[in-house]
Amino acid sequence: MIAICLHRVVPEILPEMRPYRLRGTVITTKELDRLMQRLSESLTPLPVDTALSALGNQDLKRGFCLTFDDGYSDNLEYAAPILKKWGINALIFPVSGLLDRSMEILPVDSWYWLFVSAAKHRFSLNLRGYSTEFNLQHPGSWTQVVHGRLKELFLRLPWPERKAKIREFSQVSQPRISQEEFANGLYLDQEQIKGLVNEYGWRIGSHGRTHAFLDTLDPNDLCREIEGSVGFLENFPGFRPVFAYPDARISQDIQPCLNRAGIRFAFVLGNRPVTVSDPEFALPRYTCQP
Ligand SMILES: [Zn+2]
């Protein structure tokens, strides 16, 4: 069995989607259609519940299933109708803090916002003694935005510190739109998540409460991050006890938290099929690089 990890699906790649494209977290509706066609030629499309019970029985069919991370609203608008046409549902991993409005934007989206909305082309940013010079007219700089060390350091910051850094960095890059505007309509809300379940038969898993990298949290925060998310989502129709590690960062301490939250399976990345020897809490998924 193979599991696919997708994020955003849009009709066309707009300039502000450049970092997502470089990172492999956005594909077009056409590409999703082509992906479905290619996969269906040799593999059986597995509805989520069929795939999960196959995993539970260690009877890994020659099929594929689809997962979507983070809960972007384009999943409902563009991805779900295409998958419906192909007669398959998907497992979505929303970030519960975005659904209960305890956070407004994902860390990675606020990072991208600093650049895609920047009024300035050339500037340098510093974080914990590490500094990077950006020239956004230069393609190499976008590679730095998406894969550079500064991004990694930024995403690993604890929330209050990151908030302060966002303010500081935005004074440097001078985004033309506010962060709120950038995030407006970007994510599914609670009703839309229910719509995915009720109208399209999708299933819901947990992706944490705040998308914090799990390997940066102490054991208490780690369990709060998992249980807070599961506790919120298990009231939704279509919830299944499945977890996807944010950014595929596995933490050694997580298994007791997952057990306590009643999670049965957890996905990472890995670009290979799931085999019977894969631990239930580290199932590989393919990413989709167009
Ligand atoms: Zn994610």
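Counting only residues that are farther than 15 Å from F213 by Cα and within 16 Å of the ligand (Cβ to nearest atom), give me the strands (runs of 3 or more DSSP E) lying completely in the stretch 89-162 with at least 1 of them.
Per the criteria, 91-94.
Among the residues of the stretch 254-277, what is the count of those that are of a type in the set (K, R) and outside any loop (DSSP other than H, G, I, E, B)?
1
Those residues that are assigned to a helix (DSSP H, G or I), within 15 Å of the ligand (Cβ to nearest atom) and hydrophobic (A, V, I, L, M, F, W, C), I need them from the stretch 207-253; list them, please.
L214, I226, L233, A248
Let's see how each residue does on (1) in contact (Cβ under 8 Å) with a residue 40 or more places away in the chain; (2) of a type in the set (A, V, I, L, M); (3) closer than 11 Å to S110 by Cβ:
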residue	(1), (2), (3)
P139	no, no, no
V146	yes, yes, no
R149	no, no, no
L155	yes, yes, yes
F169	yes, no, yes
I177	yes, yes, no
G185	yes, no, no
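Tell me which residues, restricted to the stretch 134-177, are under 30 Å from D218 (Cβ atoms), of a type in the set (F, W, Y) and in contact with a Phe, Trp or Tyr (Cβ under 7 Å, 6 or more places away or on another chain).
F154, the sole residue that qualifies.
Under 9 Å by Cβ, and 6 or more places apart or on different chains, what pairs join a residue from the stretch 222-247 that is of a type in the set (K, R) with one that is within 16 Å of the ligand (Cβ to nearest atom)?
Close Cβ pairs (under 9 Å, with a partner that is within 16 Å of the ligand (Cβ to nearest atom)) amount to R224/R209; R224/L217; R240/L91; R240/I204; R240/G205.
Sort out which residues of the stretch 152-171 are surrounded by 14 or more Cβ atoms within 10 Å (Cβ to Cβ) and farther than 13 Å from L127 by Cα, and write them in order of number.
Hit for the stretch 152-171 is S170, nothing else.
Name the single residue that is modelled with the lowest pLDDT among those in the stretch 55-83 being among the hydrophobic types (A, V, I, L, M, F, W, C), more than 16 Å from the ligand (Cβ to nearest atom) and in contact with a helix residue (DSSP H, G or I) (Cβ under 8 Å, 6 or more places away or on another chain).
Per the criteria, the residue is L60.
Starting from residues that are of a type in the set (D, E) and part of a helix (DSSP H, G or I), keep the ones in the stretch 30-62 and report whichever is nearest to F239 (Cα to Cα).
D49
Residues to consider are I4, I27, I82; find the one that is part of a strand (DSSP E or B), surrounded by fewer than 18 Cβ atoms within 10 Å (Cβ to Cβ) and touching a residue at least 40 places away in the same chain (Cβ under 8 Å).
Residue meeting the stated conditions: I4.
Could you tell me whether any residue of the stretch 212-219 is touching a residue at least 24 places away in the same chain (Cβ under 8 Å), within 18 Å of the chain's Cα centre (by Cα) and under 18 Å from L99 (Cα atoms)?
For the stretch 212-219, residues touching a residue at least 24 places away in the same chain (Cβ under 8 Å), within 18 Å of the chain's Cα centre (by Cα) and under 18 Å from L99 (Cα atoms): present.
Give just the number: which of (1) surrounded by 12 or more Cβ atoms within 10 Å (Cβ to Cβ); (2) in contact with a strand residue (DSSP E or B) (Cβ under 7 Å, 6 or more places away or on another chain) does E133 not satisfy?
(1)
I'm told L196 meets every condition in (1) within 16 Å of the ligand (Cβ to nearest atom); (2) touching a Leu at 6+ places or on another chain (Cβ under 6 Å) except one. Can you identify the failing condition by its number?
(1)
Please count how many residues of the stretch 174-193 are within 16 Å of the ligand (Cβ to nearest atom) and surrounded by fewer than 21 Cβ atoms within 10 Å (Cβ to Cβ).
2
Just one of the numbered conditions (1) over 16 Å from the mean Cα position of the chain (by Cα); (2) at pLDDT 95 or above; (3) polar (S, T, N, Q) is not true of Q255; which one?
The number of the failed condition is (2).
Looking only at residues that are polar (S, T, N, Q) and in contact with a helix residue (DSSP H, G or I) (Cβ under 9 Å, 6 or more places away or on another chain) in the stretch 224-263, which one is nearest to T67 (Cα to Cα)?
S229
The values are calculated or read from the model by the stated rules, or taken from the named source; none is laboratory data. Quantities reported herein were computed from a predicted structural model and do not represent experimental measurements. All Cβ positions, glycine included, derive from the backbone under ideal geometry; neighbour counts span all protein chains shown.
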